[in-house]
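Here is the structure we will look at.
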Amino acid sequence: MRKRVLATAAVALAGVLTTVPAVAAPGQGTPGVGDPYYPDYGNGGYDVAHYDLRLKYQPADDHLEGTATITATATQDLSRFNLDFALTASEILVNSRKASFTRSGAHELEITPSQPLRRNQPITVVVKYSGTPSQVSVNGYNPWLRTPDGGVAAGEPESAWWWFPSNDHPSDKATYDVSVLVPDGTQAISNGTLQSTVSRLGWTRYNWRSAKPQTTYLATLAVGKFEIVTDTSESGLPVFSAYSRDLGADEGAAKASVGRAAEIIDWESGVFGPYPFDAIGGYVPNVPTSYALETQTRPFYSPRHFRNGANPYVVVHEQAHQWFGGDVSLKNWRNIWLNEGFARYAEWLWSEKEGEGTTAELAAYIYSLYPSGDPFWQVKPGDPGPENQFHGAVYNRGAVALQALRAEVGDQTFFTILKGWPTVHRYGNAAIEDFVAYAERVSGRSLGALFQTWLFTSGKPASAPQASNARSAAPTGKLQEPKSWKKIQREGLSEHRDSH
Ligand code: TRP
Ligand code: ZN
């Protein structure tokens, strides 16, 4: 923008103003960021820096009301822009002036500021809203899980629409302050650190802060009656975990699993590099679902995970996503393998460490489990399509792909790659192609054919990955850094700076 202003001034001084092309009418922000799987997810024209959500939730009737204050910067001239949202907005201000707005489709708010916005202009959007999230379905889908004592927002790729207006795409990360007023005796859980709680007039306010960049689908809200367990990890981070008071016979196993969050993160830090966030934890609400979600710093777990006793694997998986998903986020949803293949492989590393099967054995097991005619081999983990985004093949064939890489480059190089990757993309976004290029750079080998076979070709590959060249050298604690580590970090950083 600065450059353009100077150029215009120079032209004006030269007295040839009439030849200057008319300034384009301020554009409209597109209703999507151009994700190939979800074209209308996220919005064009601005970049969010911070969400401040000041909410009030009544568990008795699932009524949510609040004010979202979104701090952003226009990335183009804008006469109009969108937010993704499914509840009901009652008033919107842009830079302190009332804006007009209308709903477009099931999850878009179209906002017209009273004055057009200029490229690079700071924007403050205030949205006042309310709704009953459990009553709002979009295309038959609703990630708001109503519980007997409250509700939970946990869904992927969609979950924000049901509790705050946003630029709902992983490519636009922001920091968050989430302040939730709930009746005394009820708890409100979100991401990051609990800054304070304040009680008065029968209501308690929970003030949460996510000070590290966070994508919208990794933001979570849970309200209900929870038992809270807090601690400080050996590494000095605050641990905050919450267990519904309604877990019944699953309570012990839930605590025996999520209670190991800090220990598991310490082990993962040895393999994946420094933990990227400033808080640790997890929560287990009283929901009947059977999935978990890697909500940032504080994964969501269903009680079902703990029906057969302690389950460290689901904790290893969700916490591995703190590196692979939270720290390094997807450039677009086609790249889901960067999340799920790596989180599954983390489980395999845990298995190897625990003596419950090596990664090579697990890869061979998956390879032999599905005959060549099985639909499993039809899904390409590198481009599964939105309908198969969370297909077992993305996880399992995706983890076999990493085993194939390990077998190809050897343990030392493989673990250098695994640790270097989150570091070079810290708080950024990446695509599979970036990973392939990084692995080639660190290993000095051409790996295109390997990834083509395991990620981008449908059909069963001709043979399982060979056993790794140093089977027993899996990390049991802190990895030894090879001598070239510092150099790789440096080079990686300059190579990938653009994606930050
Ligand atoms: N990312 C989750 C995991 O692997 C799985 C998941 C996919 C999910 N879609 C979801 C969880 C929707 C909750 C809702 O752990
Ligand atoms: Zn996962």
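Between their Cα atoms, which of Lys173/Lys380; Lys56/Lys98; Lys255/Lys353; Lys212/Lys419 are more than 25 Å away from each other?
On the way: Lys173/Lys380 27 Å; Lys56/Lys98 23 Å; Lys255/Lys353 22 Å; Lys212/Lys419 20 Å.
Check vs 25 Å cut-off fails for Lys173/Lys380.
Using C-alpha pairs under 8 Å with a sequence gap of at least 6, the mean separation divided by the residue count of segment 325-417 gives a relative contact order of 35 percent.
For segment 225-322, give the percent of accessible area contributed by carbon and sulfur heavy atoms, probe 1.4 Å, rounded to a whole number. Walk me through the numbers before you get to the answer.
Details: 1600 of 3350 Å².
C and S atoms contribute 48 percent here.
In the assembled protein chains, Ser235 presents an accessible area of approximately 70 Å² (probe radius 1.4 Å). Seen from Tyr370, the other residues with C-beta closer than 14 Å to its C-beta sum to a net charge of +1, counting Lys and Arg as +1 and Asp and Glu as -1. Sorting Arg307, Arg344 on solvent-accessible area from highest to lowest, probe radius 1.4 Å, gives Arg307, Arg344.
Shape analysis of segment 316-402 yields a ratio of the Cα radius of gyration to the Kirkwood radius, Rg/Rh, of 0.98. Here the label points at Tyr427 and Glu354, each 7 Å from Cα along the C-beta direction, are separated by 3.4 nm in the simple model. Of the Cα atoms belonging to segment 82-204, the radius of gyration and Dmax stand at 16.1, 47 Å. Counting only heavy atoms of the protein chains and using a 1.4 Å probe, Ile432 has close to 0 Å² of accessible surface.
Direction-averaged shadow area of the convex hull around the Cα atoms of the chain, nm²? Working shown, then result.
Working: hull surface 105.7 nm².
Average of the hull's projected areas for the chain equals 26.4 nm².
Could you pull out the trypsin sites (Lys or Arg not before Pro) across segment 67-139 that fall in loop regions by DSSP (anything but H, G, I, E, B) with no more than 16 other Cβ atoms inside 10 Å? It would help to have the intermediate numbers written out before the result.
Working: sites: Arg80, Arg97, Lys98, Arg103, Arg118, Arg119, Lys128; in loops: Arg118, Arg119.
Those satisfying the criteria are Arg118, Arg119.
Can you give me the orientation-averaged projected area of the convex hull built on the Cα atoms of segment 225-322, in nm²? Over all viewing directions, segment 225-322 projects a mean Cα-hull area of 5.5 nm². A helix-only calculation puts the chain at -8500 deg cm²/dmol for mean residue ellipticity at 222 nm, using -39500 (n - 2.57) for each DSSP H run of at least four residues, averaged over all residues. Along the Cα→Cβ direction, 7 angstrom out, place labels at Thr71 and Ser100. What is the inter-label distance in nm? Taking the simple label geometry, Thr71 and Ser100 are separated by 3.1 nm.
Taking the Cα centre of segment 298-451 as origin and assigning +1 to Lys and Arg Cβ atoms and -1 to Asp and Glu Cβ atoms, the resulting dipole is close to 300 debye. One compactness figure for segment 377-455 is 1.10, namely its Cα radius of gyration divided by 2.2 N^0.38 Å.
Taking Tyr365, Tyr41 and ordering them by how much accessible surface each has at a 1.4 Å probe, largest first, produces Tyr365, Tyr41.
The gain in end-to-end length when the Tyr365 to Asn139 segment is fully stretched comes to 77.6 nm, 0.36 nm per residue minus the alpha carbon separation. Glu361 contributes an accessible area of around 110 Å² to the protein surface, as traced by a 1.4 Å probe with all chains present. Solvent exposure of the chain amounts to 40 Å² per residue of accessible area, where only protein heavy atoms count and the probe is 1.4 Å.
The values are calculated or read from the model by the stated rules, or taken from the named source; none is laboratory data. Since the structure is predicted, the reported quantities are computational estimates derived from the model, not experimental observations. Positions of Cβ are backbone-derived with ideal geometry, glycine not excepted, and every protein chain shown enters the neighbour counts. To get the accessible areas, we keep the full protein, side chains included, count just its heavy atoms, and leave off ligands, DNA and RNA. Shrake-Rupley method; radii C 1.70, N 1.55, O 1.52, S 1.80 Å.
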